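Reviewing the structure listed below.
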Amino acid sequence: MIRKLAVPGPIEDVEELRVLMWHGGEGTAFAKGDLIVELETHKAIVEVRAGGPGVLRKILCAEGGWEKAGRALALVGDDPADPLPGSTDALEACPAEFDVV
C-alpha cells in the first residue's frame, strides 16, 4: 500500500517547513524509529521518524524546498513493486513520529 509522508501540522505559528535533509533516497527501506527526514521551521528543527517499516518510494519535495503543513513530502510503500498513484489527494498518511528539537 502506498501512503503519503506529510508535513506535520498543525504546529503553532508555522505554515510551512523546509526540507533540510533526507536520510536515504528513493528505494531506501526503513524500520520503526528510523529517521527519515529533517525539516526546519523558522524557529526549530523537526525530525520525522518512521512509525513502522516501509520503503521511501518517491520524494516529492527536494532538500531546500518548502512545503505547507499537511502537504505530502514523499510517498512511502510496504512493497517496492506497488504502483505509484498519479495523485496524493486520496492517500492515507503513513505513520510517523515528529520530534521538535
Selection within the stretch 11-22 - farther than 16 Å from Leu60 by Cβ and either at pLDDT 95 or above or in a loop (DSSP other than H, G, I, E, B) (or both): Glu12, Asp13, Glu15
Name the one entry in Val14, Val55, Val19, Val46 that is in contact with a Pro (Cβ under 7 Å, 6 or more places away or on another chain) and over 23 Å from Asp78 (Cβ atoms). Val46
Taking the stretch 52-81 as the region of interest, how many residues are in contact with a Lys or Arg (Cβ under 9 Å, 6 or more places away or on another chain), within 15 Å of Glu92 (Cβ to Cβ) and buried (at least 18 other Cβ atoms within 10 Å of the Cβ)? 7
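Across the stretch 82-101, which residue is surrounded by the most Cβ atoms within 10 Å (Cβ to Cβ) among those that are under 12 Å from the mean Cα position of the chain (by Cα) and part of a loop (DSSP other than H, G, I, E, B)?
To start, the set of residues in the stretch 82-101 that are under 12 Å from the mean Cα position of the chain (by Cα) comprises 93-98.
Those still in the list that are part of a loop (DSSP other than H, G, I, E, B) too: 94-95.
Numbers: Cys94: 22, Pro95: 14.
So, considering only residues that are under 12 Å from the mean Cα position of the chain (by Cα) and part of a loop (DSSP other than H, G, I, E, B), the one surrounded by the most Cβ atoms within 10 Å (Cβ to Cβ) is Cys94.
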Does at least one position in the stretch 42-50 carry a residue that is closer than 13 Å to Phe98 by Cα, of a type in the set (D, E, K, R), in contact (Cβ under 8 Å) with a residue 40 or more places away in the chain and surrounded by 13 or more Cβ atoms within 10 Å (Cβ to Cβ)? yes
Suppose the filter is in a strand (DSSP E or B), at pLDDT below 95 and not acidic (Asp, Glu); does Val55 pass it? no
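Which residues, counting only those in the stretch 32-91, are of a type in the set (D, E, K, R) and either closer than 13 Å to Leu17 by Cβ or in contact with a Phe, Trp or Tyr (Cβ under 9 Å, 6 or more places away or on another chain) (or both)?
The first filter runs over the stretch 32-91 and keeps only residues of a type in the set (D, E, K, R), leaving 32, 34, 38, 40, 43, 47, 49, 57-58, 63, 67-68, 71, 78-79, 82, 89.
Within the stretch 32-91, Glu38, Glu40, Lys43, Glu47, Arg49, Glu63, Glu67, Lys68, Arg71 qualify.
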Does Gly64 qualify as being in contact (Cβ under 8 Å) with a residue 24 or more places away in the chain and under 13 Å from the mean Cα position of the chain (by Cα)? no
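For the stretch 23-37, give me each residue that is of a type in the set (A, V, I, L, M, F, W, C) and assigned to a loop (DSSP other than H, G, I, E, B). Can you show your working first?
At the first step, the residues of the stretch 23-37 found to be of a type in the set (A, V, I, L, M, F, W, C) are 29-31, 35-37.
Result: Ala31, single match.
The values are calculated or read from the model by the stated rules, or taken from the named source; none is laboratory data. Fair warning: this is a prediction, and the values are worked out from it, not measured in the lab. Every residue, glycine among them, receives a Cβ derived from its backbone with ideal geometry; neighbour counts consider all protein chains shown.
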